Every structure is written in structure tokens, then in C-alpha cells.
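Presented below is the structure to which this report refers.
The values are calculated or read from the model by the stated rules, or taken from the named source; none is laboratory data. In this text, all values refer to a predicted model and were calculated from it rather than measured experimentally. FYI the Cβ positions are ideal-geometry reconstructions off the backbone, even for glycines, and counts take in every protein chain you see.
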Amino acid sequence: MRFAPHTPDDVEAMLGVVGRPSLAALFDHLPPGVLTDEGLDLPQGLSEDEVTRRLSAFAAANDTDAVCFAGGGAYDHFVPAVVPSLLSRGELLTAYTPYQPEVSQGMLQALFEYQTVVSELTGLPVSNASLYDGGSAVAEAVAMACASTRRNRVQVSQALDRPSRQVVRTYGHPLRRIVEEVGYDDSGRTPLTDVPGDVAAVVLAQPNAVGVVEDVRAWSEAAHRAGAQLIVKLEPTAVGLLATPGSQGADLVVGEGQPLGQGLVYGGPTFGFLACRQDHVRRLPGRLVGETVDARGTRGYVMTLRPREQDIRREKATSNICTNQTLTAVAGLIYLAWLGPQGLRELATTCLARARHAAQRLTAIEDVELAVDGPFLKEFALRLPVDRPDVVVQRLHDAGYLVGPVVDDGPAAGAVLIATTERRTRDDVEGLAGALAEILRDLRAPLRYLRAEPCR
């Protein structure tokens with residue numbers, strides 16, 4: 001029991017609190033195809049080599065050759081060789097919390113440079129050294145805004161991705177925080193409204209969950225008139241073409257770092273980023289690296305400003321996050337340094353051009369149209385002439401094309417997301433269009449038969 005901190009009685013007590021009969025029941029919300037009741041079918045007594053061979057065979061069954069047009073927050077961007085090459089260096093790969101600055105200057109400097117890059121991306125002066133993911137970054141920003149304004153009501157755009165909305169609600173539930181959703185319209189944008197005087201923050205995404213570019217400046221002005229703060233969840237590659245949210249008046253800018261040199265990696269791990277104005281700095285969660293000088297005047301780096309965290313202030317803490325995602329954050333730094341400002345512009349421009357071409361080609365198919373008509377960057381929602389778009393998604397997967405997910409609420413509900421990065425070629429788009437047209441013809445065939453004139 002040296003490495004098992006919970007006894008069977010502990011586990012039973014915890015299950016009783018959450019109302020589950022067993023540990024397995026904690027996963028009963030997952031789709032049936034994800035879980036197995038049969039185990040891994042590994043005989044007893046296998047050697048390590050034999051087990052590795054068996055598991056490698058299981059892994060080989062994964063489909064890794066499909067052309068990826070899937071979006072929804074994780075995108076198939078090219079990861080240059082310099083990212084894994086530098087990241088595999090021992091001094092980076094074995095990174096841990098740099099409590100002792102005298103022996104951690106290299107890692108501290110890397111994190112300081114990361115913070116600087118995030119500050120430039122977001123247009124705000126202060127960044128922490130990363131968070132767990134984009135969803136937790138949104139929730140932490142909401143907590144900061146509520147603490148700053150001393151209000152407990154939040155308005156969240158329905159065009160913010162659903163996982164982030166769920167995390168905000170989960171964080172706010174024990175604090176009795178009021179979380180309201182503001183719907184988006186047929187353009188895909190969140191329509192501008194007056195913000196009530198008791199709202200702590202308004203939360204938008206840029207571009208949003210249906211790919212549309214929001215009017216950040218107008219919303220920042222509306223929020224500030226009410227004494228509220230504007231939180232923007234930013235897709236980081238978008239600033240190659242769009243103005244930074246900070247320059248448009250956003251008070252806090254957060255986001256998911258997956259597009260920055262992470263790859264898809266089966267959904268994670270990646271990192272979240274968070275940037276804020278200077279007056280928020282003492283509420284910033286996680287690590288913050290600062291630049292200073294030693295007794296001899298030599299520049300150095302140290303961790304600083306941690307009074308808001310659970311391990312320092314216990315129940316008075318404003319954040320339970322006391323760490324960061326060092327390795328993946330440094331990967332993001334390497335990727336952005338490799339791109340540079342000009343490369344970031346070229347990346348965003350290429351994604352825009354290829355997304356426009358893909359949208360034109362796919363909407364040329366009979367009865368296929370854009371679900372919303374607002375301006376998009378690299379992702380758009382496609383309305384298909386079927387009642388079950390998930391069936392089309394599966395059949396496209398069978399044909400070798402990954403698309404989706406299916407939008408589940410708002411005016412674009414039932415539409416399929418299509419994301420086009422710099423990796424997607426004209427041939428890829430033509431292949432997707434051909435496969436989609438054929439699938440829709442097959443699905444329409446029974447309808448044509450039923451509409452045929454009766455025999456005479």
C-alpha cells in the first residue's frame with residue numbers, strides 16, 4: 001500500500017458523496033464505443049517484450065491516414081522539426097518547478113520569454129507561465145474578474161465552445177456564481193446588447209465556436225460602460241490577421257495553446273494561456289516569472305507573486321492552480337519563435353485563403369450551404385441537407401476524411417464544422433467535396449425512389 005493513498009473504505013466513502021456505486025460507474029457517461037467490458041485480452045505471464053508487441057499491434061489499428069478537416073478547438077497545423085528536437089533536450093524535457101533560481105536560470109528565462117510572446121500575441125502587458133488548458137484558463141479569468149469587480153454574475157456567449165462554458169459553470173457552482181448565456185444570431189456573431197450593471201464579466205471567443213470573427217471592440221465598450229470586464233478566448237493563430245484583443249479593449253485574454261506547435265496528439269496534453277492588465281497581476285493564477293538583478297547587478301529570473309494560490313492562502317485563495325504546463329508551453333514558445341511575426345501573418349493568410357476556397361467548393365454541392373453568414377478565418381459551419389449530420393460525419397471518416405464536430409446549439413445547431421489549415425491542399429478539398437457529394441447522393445436515393453411516379 002506504499003503507493004496507494006486511498007484505502008477501500010476511503011474509496012467507498014468518496015463514491016457515496018458523489019452518488020456512484022463503483023469506480024467504473026464514474027465513466028458511465030462515456031459513449032458505449034469508447035469503453036470495453038472485455039479487457040485487453042492479454043494472457044497472464046507475458047514478458048515485457050511480448051506485452052509491448054501486443055500493445056503496439058493494438059495501436060496500429062488506429063486510423064492515422066485520414067485527411068483532417070476537423071476543428072472545434074484542435075487543429076491539424078504543421079509542427080516543424082525544430083519543436084520536438086529542442087524540446088527533447090534534457091534540460092527542457094526534465095523541467096520541474098524552478099524553486100531554486102540559482103540552478104534554474106535557463107528554464108526561468110524560457111518561461112519569461114514565453115510570457116513575453118503571449119503578451120505580444122494578446123496585446124496585454126502581463127502573462128503567466130501557462131495554465132492547464134483553454135477551458136480552465138477561461139474559468140480562471142472569470143474568477144479574476146469576479147474578484148476584481150466584487151460581482152458574482154457572468155454573461156457567456158453561446159458561441160464560446162461548450163466545454164469552456166461547462167468548466168465556467170463547474171468552477172462557479174460552489175461559489176453560487178450566476179452564469180448566463182447570450183445567444184448568437186444568424187450571422188454567427190454574438191449580437192451587441194447592453195450589459196447589466198451587476199455583471200462582473202462578459203466572455204467571448206475570437207474567432208468563436210462556429211468560426212466567426214466577433215466585434216471585440218464594441219463588446220469591450222459595452223462591458224466597460226457597465227463596470228464589467230471583457231474576457232476573450234483567443235485562437236492564437238488568428239492574430240496573424242486580426243487585431244489583438246488587448247488592443248481592442250479586452251481586460252483578460254485566454255486561450256488554448258494547441259495550435260502552437262502541439263500537434264493533435266489524441267487531444268492532449270497542450271497548455272492554456274492567460275494574459276491581463278497590470279492591475280490584475282496579484283490575482284493571476286499559476287506561475288509568474290519576473291526579471292530582476294542580483295547583488296552584482298547581473299540580470300536574472302525568479303518566480304514571483306504567488307499570494308493568490310491555494311498552497312499559500314488556503315481557503316482564502318482565489319485559485320487552486322499552483323503550477324503550469326512548462327514543457328508544452330516551451331513547445332509553444334519554440335514554435336512562435338520559429339514562425340516569427342511574418343510567419344504568423346503568412347500562416348493566418350494561408351489558412352484564410354484555403355478556408356475560403358473550401359467553403360466555395362463545398363457549398364457548390366447541391367443543397368449544401370454555410371450555416372451562418374458572418375466572416376470566418378479558418379473554420380466554418382456547413383449546413384447539410386440531411387436529418388442526421390452525424391451519419392455523414394461517420395461516412396466521411398470511413399472514406400478517409402475527418403470533419404466535425406457537429407454544432408449542438410444555437411442557430412448553427414446541426415451544422416458540421418470544417419477547419420482548413422495550411423496543411424490542406426486543393427487535392428484534399430477536391431477529395432472531400434467528391435466524397436461528400438457521393439454520400440449525399442446515396443442518402444438522397446431513397447427519397448428520389450419514393451417521389452417517383454407510380455407505375456401505370
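Residues in the stretch 247-279 that are among the hydroxyl-bearing types (S, T, Y) and surrounded by fewer than 24 Cβ atoms within 10 Å (Cβ to Cβ): S247, Y266. Selection of the stretch 196-232 for residues being more than 17 Å from S164 (Cβ to Cβ) and part of a loop (DSSP other than H, G, I, E, B) yields P196, G197, D198, V213, D215, A226, G227, A228. Scan the stretch 324-350 for residues that are surrounded by fewer than 15 Cβ atoms within 10 Å (Cβ to Cβ) and in contact with a Lys or Arg (Cβ under 6 Å, 6 or more places away or on another chain) and the total you get is 0.
Kindly indicate whether any position in the stretch 37-45 is surrounded by 10 or more Cβ atoms within 10 Å (Cβ to Cβ) and touching a strand residue (DSSP E or B) at 6+ places or on another chain (Cβ under 6 Å). Taking every residue of the stretch 37-45 in turn, none turns out to be surrounded by 10 or more Cβ atoms within 10 Å (Cβ to Cβ) and touching a strand residue (DSSP E or B) at 6+ places or on another chain (Cβ under 6 Å).
How many of the residues making up the stretch 144-183 are touching a Phe, Trp or Tyr at 6+ places or on another chain (Cβ under 8 Å) and in contact (Cβ under 8 Å) with a residue 60 or more places away in the chain?
Going through the stretch 144-183 one residue at a time, the tally reaches 2.
Is one or more of the residues making up the stretch 128-145 surrounded by fewer than 24 Cβ atoms within 10 Å (Cβ to Cβ) and under 14 Å from Y301 (Cα atoms)? The answer is no, given that none of the residues of the stretch 128-145 is surrounded by fewer than 24 Cβ atoms within 10 Å (Cβ to Cβ) and under 14 Å from Y301 (Cα atoms). Cβ-Cβ contacts under 6 Å between residues 6 or more apart (or on different chains), taken from a first residue in the stretch 384-410 that is within 21 Å of A364 (Cα to Cα) to a second residue that is in a helix (DSSP H, G or I) and of a type in the set (D, E, K, R), are listed as V406/D390. Considering the stretch 264-303, and only residues there that are under 23 Å from the mean Cα position of the chain (by Cα) and part of a strand (DSSP E or B), the residue that is farthest from V83 (Cα to Cα) turns out to be C276. For T326, the conditions (1) touching a strand residue (DSSP E or B) at 6+ places or on another chain (Cβ under 9 Å); (2) among the polar types (S, T, N, Q); (3) closer than 30 Å to L284 by Cβ all hold with the exception of (1).
Only one entry of A141, A205 meets the criterion of being of a type outside the set (D, E, K, R) and touching a residue at least 60 places away in the same chain (Cβ under 8 Å), and that entry is A141. The helices (runs of 4 or more DSSP H) found entirely in the stretch 1-89 that carry 3 or more residues being over 25 Å from W338 (Cβ atoms) are 8-18, 48-60. Please indicate, with yes or no, whether at least one residue in the stretch 209-230 is in contact with an Asp or Glu (Cβ under 9 Å, 6 or more places away or on another chain), polar (S, T, N, Q) and under 27 Å from L370 (Cβ atoms). No, the stretch 209-230 contains no residue that is in contact with an Asp or Glu (Cβ under 9 Å, 6 or more places away or on another chain), polar (S, T, N, Q) and under 27 Å from L370 (Cβ atoms).
A Cβ distance below 6 Å, combined with a sequence gap of six or more or placement on separate chains, defines the contacts here; from the stretch 299-323, residues that are in the same structural domain as Q115 (by TED's automatic domain parsing) and modelled with pLDDT of 75 or more reach residues that are loosely packed, with under 15 Cβ neighbours inside 10 Å and of a type in the set (A, V, I, L, M, F, W, C) in the pairs R299/V293.
Specify the residue that is farthest from the chain's Cα centre (by Cα); the eligible residues are those in the stretch 90-101 that are part of a helix (DSSP H, G or I) and in contact (Cβ under 8 Å) with a residue 12 or more places away in the chain. Out of the qualifying residues, it is P101. Scan the stretch 52-68 and tell me whether some residue there is of a type in the set (F, W, Y), surrounded by 10 or more Cβ atoms within 10 Å (Cβ to Cβ) and either more than 23 Å from the chain's Cα centre (by Cα) or outside the structural domain of L402 (by TED's automatic domain parsing) (or both). Yes, the conditions are met somewhere in the stretch 52-68.
Matching residues to (1) at pLDDT 95 or above; (2) under 21 Å from the mean Cα position of the chain (by Cα):
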residue: V168; (1), (2): yes, yes
residue: D185; (1), (2): yes, no
residue: S220; (1), (2): yes, no
residue: A228; (1), (2): yes, no
residue: I231; (1), (2): yes, yes
residue: E235; (1), (2): yes, yes
residue: Q248; (1), (2): yes, no
residue: Q262; (1), (2): no, yes
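Among the residues making up the stretch 377-397, those that are over 22 Å from the mean Cα position of the chain (by Cα), assigned to a loop (DSSP other than H, G, I, E, B) and not aliphatic (A, V, I, L, M) are P385, D387, R388.
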